[in-house]
Amino acid sequence: MGPPRASTIVAVLLACAAGPASAQAYTRQGYVEPSARTIEITPFGGFFWSTGVSTSVGTLAFDPGPDAGVALGFQVDWKSQVEVLYLFARPQARFTSSSIFYASSPSFGVTTQYLQLGGLTTFGQGTLEPFISGGLGLAWFSPSDVQVQGAVTIQPQDTFVFAFNLGGGVKWWLSEAIGLRFQARFLMPVYFYSGTFISGPNGASLRVNSGIPIVQGDLSLGLAISP
């Protein structure tokens, strides 16, 4: 067997060098650099819905309608944000009486506002970022005047209650600073309707009864802006 040709030696050296280079290139391709975003502003609009409320004298029903709001997110780490959420909607409601002692009402508007403080966690970093979100805060319901039979005008009072929200969706980043945010969200006001304080020789306890009489939610599309 003769001495190896120079072309064979060069081919072997190139093959040895190509192996680590290919592995390094694959490693770089699989790694995604964490985003440098520190704040996100997301105005959004969507479809707002509510379940009905059943009472002993009738049912209060809500029509679906549009909503609008804004979410302000502050980055905590590469996947988590602290988020402030504001949502506004004005669904039409109507009361259908099941008692001869109460009259049904025509449709009337209920201004609905949510202010929530919570967080958001993504499941990945890149062009598409699935996420879940949630928060706690206040809900404000402000019904308009209701005209019932007999020319009687009812002026309902505004109501402020504790509320929380749960949701999820996906962010689709079109660039480093602009993206679209698709989200489905459940909004649940909580009413505290009674409380009991018991004290005795063995100690004391506080019991509070509460409930979620209505579940609301929205499907929304927002424009995520990271200045």
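Going through the stretch 125-167 one residue at a time, which ones are on the phi > 0 side of the Ramachandran plot and modelled with pLDDT under 85?
150, 151
Scan the stretch 69-97 for residues that are in a strand (DSSP E or B), within 30 Å of residue 224 (Cα to Cα) and open to solvent by 50 Å² or more (accessible area, probe 1.4 Å) and jot them down.
70, 72, 74, 75, 82, 84, 86, 88, 92
For residues that are without any contact (Cβ under 8 Å) to a residue 60 or more places away in the chain and more than 30 Å from residue 175 (Cα to Cα), tally how many sit in the stretch 89-138.
Result for the stretch 89-138: 26.
Looking at the structure I just gave you, is residue 47 hydrophobic (A, V, I, L, M, F, W, C) and either assigned to a strand (DSSP E or B) or within 16 Å of residue 173 (Cβ to Cβ) (or both)?
Taking the combined requirement at face value, the residue satisfies it.
Does residue 135 satisfy the condition of being surrounded by 16 or more Cβ atoms within 10 Å (Cβ to Cβ) and within 23 Å of residue 180 (Cα to Cα)?
Against the criterion (surrounded by 16 or more Cβ atoms within 10 Å (Cβ to Cβ) and within 23 Å of residue 180 (Cα to Cα)), residue 135 qualifies.
Considering the stretch 104-134 alone, what residues qualify as being within 18 Å of residue 48 (Cα to Cα) and either within 18 Å of the chain's Cα centre (by Cα) or not aliphatic (A, V, I, L, M) (or both)?
Those that are within 18 Å of residue 48 (Cα to Cα) and either within 18 Å of the chain's Cα centre (by Cα) or not aliphatic (A, V, I, L, M) (or both): 107, 108, 109, 111, 112, 113, 114, 115, 116, 133, 134.
Of the conditions (1) part of a strand (DSSP E or B); (2) at pLDDT below 90; (3) hydroxyl-bearing (Ser, Thr, Tyr), residue 111 fails just one. Which one is it?
Tallying (1) part of a strand (DSSP E or B); (2) at pLDDT below 90; (3) hydroxyl-bearing (Ser, Thr, Tyr), residue 111 fails exactly one: (2).
Pull up the stretch 50-68, narrow it to residues that are assigned to a strand (DSSP E or B) and of a type in the set (A, V, I, L, M, F, W, C), then point me to the one that is farthest from residue 107 (Cα to Cα).
68
The values are calculated or read from the model by the stated rules, or taken from the named source; none is laboratory data. Keep in mind that what you see is a predicted model, and the values were worked out from it rather than measured. Counting neighbours? That spans all protein chains shown, and the Cβs are built from the backbone with ideal geometry, glycine included. Protein only, heavy atoms only, side chains kept; ligands, DNA and RNA dropped before computing areas. Shrake-Rupley method; radii C 1.70, N 1.55, O 1.52, S 1.80 Å.
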